[in-house]
Amino acid sequence: MTRIEHYVASGRSTFMNSTLIQDAVLWNLQLLSSAALRVSDACKNEHRELNWGHVCGLFRDVARDPWHLEPDNIWQCVERELPTIRRNLAAIMRPTTGQY
């Protein structure tokens, strides 16, 4: 998530005008979704404050039609979804590793 935040730090206009940044953000959303799929059921049950199904499906929801990606959908996800996911993951990860 830190990489996504780094890529979008210049703002919406820069993001919308750079397919390179869009691709980087999309790739990292895919990694985030894939990682969430690999979290054990025990961990998911222990940390229900995070909507695991939503995180697992994040990439699928953003890239509904991979042949016609909508940069606005990607930006909305970054703006609306990631802050909550980050907060919840931070609460889960800090006690054990101190990082996320």
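Just a few scattered comments:
- Exposure proxy shown here: for I92, I74, the number of other Cβ atoms within 10 Å sets the order, fewest to most, as I92, I74.
- Using a Förster distance of 41 Å, the FRET efficiency for A42-R3 (Cβ separation, nearest 0.05): 0.90
- For segment 51-62, Karplus couplings with θ = phi - 60° (6.51, -1.76, 1.60), whole Hz, Gly/Pro x: 7, 4, x, 5, 5, 4, x, 4, 5, 4, 5, 6
- N17-A90 FRET efficiency (beta carbon distance; Förster radius 30 Å; 0.05 resolution): 0.45
- Principal axes of segment 1-80: Cα extent on each, largest first, Å: 42, 26, 17
- The ranking of L20, L29, L37, L58 from fewest to most other beta carbons within 10 Å of each one's beta carbon is L20, L37, L58, L29.
- Here the Karplus relation 6.51 cos²θ - 1.76 cosθ + 1.60, evaluated at θ = phi - 60°, turns the backbone of segment 4-14 into coupling constants of 4, 4, 5, 5, 9, 4, 6, x, 4, 4, 4 Hz, with x for every Gly and Pro.
- Range in the chain, longest, excluding exposed trypsin sites (Lys or Arg not before Pro) [loop by DSSP; at most 16 other beta-carbon atoms within 10 Å]: 1-37
- In sequence order, calculated HN-Hα J values of segment 66-73 (Karplus, 6.51, -1.76, 1.60; Hz; x Gly/Pro): x, 8, 9, 5, 10, x, 5, 5
No lab work stands behind these numbers, since they all come straight from the coordinates. As the structure is a computational prediction, the values presented were derived from the model and not from experiment. Using ideal geometry, Cβ is built from the backbone for each residue, glycine included, and neighbour counts are taken over all protein chains shown.
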